[in-house]
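The structure under discussion appears below in the form of structure tokens.
Computed from the coordinates by the stated procedures, all read-outs in this text should not be read as laboratory data. Quick caveat, the model's predicted, so the values are computed rather than measured. In this analysis, Cβ positions are derived from the backbone assuming ideal geometry, glycine residues included, and neighbour counts consider all displayed protein chains.
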Amino acid sequence: MTDPPASPRYDAVLFDLLTALIDSWTLWNEVAGSAEAGLRWRRRYLALTYQAGAYRPYQDLVARAAVETGLAAGAAATLARRWDELPPWEETHDVVAALAQRVPLGIVTNCSQRLGLIAADRAGGPFAAIVTAESVGYYKPRPETYRAALAALKVDPGRTLFVAGSAADVPGARNAGMTVYWHNRIGLKPLDDAVPDFAEPTLHRLLDLV
């Protein structure tokens, strides 16, 4: 285990859940029938959540994205039924457990409360706050969602590190005043040329930063 920095840089760490801590890509691809179909479905769903702003039922958006990309609407129900199969990335549990001994941790996720809690349990912990789009009433990258997590942990955004998984979380979290670590596991392209403070293909470097 890497020793923490001598002078703590951050008072808390917030995580995106379904990409930064969890390999949700694999399950979406399996339900869609192929990696290509899964990527199309996932991209359309992400676009719908980013456009939605105010919360609309997560399952409705997932089902709409399925239909609009050539899948059956029932794919969304299958995905939800298999949600407890979501695997964490291989280093997630070790990194999260080590960080939890140093600072409070929180989750900010664009999904329903029920599915968010299931996925958070898959990610390990402990987490001092789990904030979902449903609980706040807005989808990321709206600032209200990030602010709700900061308020739950009672921390200053300038002293908080946000671990992004999706491209839209990079400008979203930065606009909320946080330093951003982009865990870009699958090599996504930046959104509107947004540049994170740190960009890594794994979570390991967090242990040197926090």
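Proximity of backbone amide H atoms, modeled 1.01 Å from N, is registered between Val131 and Ile107, Val108, Thr109 at under 5 Å, excluding neighbours fewer than 5 places apart on the same chain. Couplings for the range 98-107, taken from phi via the Karplus curve 6.51 cos²θ - 1.76 cosθ + 1.60 with θ = phi - 60°, read 5, 5, 5, 7, 10, 8, x, 10, x, 10 Hz in order; Gly and Pro are left as x. Taking the inverse of the mean 1/r over every pair of distinct Cα atoms in the range 142-210 gives a Kirkwood hydrodynamic radius of 12.2 Å. The calculated pair-distance distribution of the range 136-180 uses every alpha carbon pair, bins of 5 angstrom beginning at 0, and gives 5, 26, 36, 24, 8, 0 percent. Shown for His183, His93: other C-beta atoms within 10 Å of each C-beta, ranked fewest to most, produce the order His93, His183.
Mean residue ellipticity, 222 nm, helices only, the chain: the sum of -39500 (n - 2.57) across DSSP H runs of n ≥ 4, divided by residue count and rounded to 500, is -12500 deg cm²/dmol. Computed on the chain, with alpha-carbon pairs under 8 angstrom and 6+ residues apart, the relative contact order is 27 percent. The phi torsions of the range 38-55, fed into the Karplus equation with coefficients 6.51, -1.76 and 1.60 and a -60° offset, translate into couplings of x, 5, 4, 4, 5, 5, 5, 4, 4, 4, 5, 5, 5, 7, 5, x, 4, 5 Hz, rounded to whole numbers, with Gly and Pro shown as x.
Taking amide H as placed 1.01 Å from N in the peptide plane, the amide H of Asp23 sits under 5 Å from that of Trp89, each at least 5 places away or on another chain. The listed peptides 54-66, 131-143, ordered by packing as a protection proxy, come out as 131-143, 54-66 (highest mean of other Cβ atoms within 10 Å first).
Across the range 143-150, coupling constants 3J(HN,Hα) worked out from phi with the 6.51/-1.76/1.60 Karplus curve, θ = phi - 60°, read x, 4, 5, 5, 5, 4, 5, 4 Hz, and Gly and Pro carry x.
Where both bridge residues fall in the chain, DSSP classifies roughly 10% of the beta bridges as antiparallel. Per residue, the convex hull spanned by the Cα atoms of the chain measures out at 102 cubic angstrom. Rounded to the nearest 20, the size of the Cβ-charge dipole of the range 1-157 about its Cα centre is 560 debye, with Lys and Arg at +1 and Asp and Glu at -1. Pairwise Cα separations in the range 25-84 fall into 5 Å bins from 0 onward with the following percentages, short to long: 4, 22, 32, 26, 12, 3, 0.
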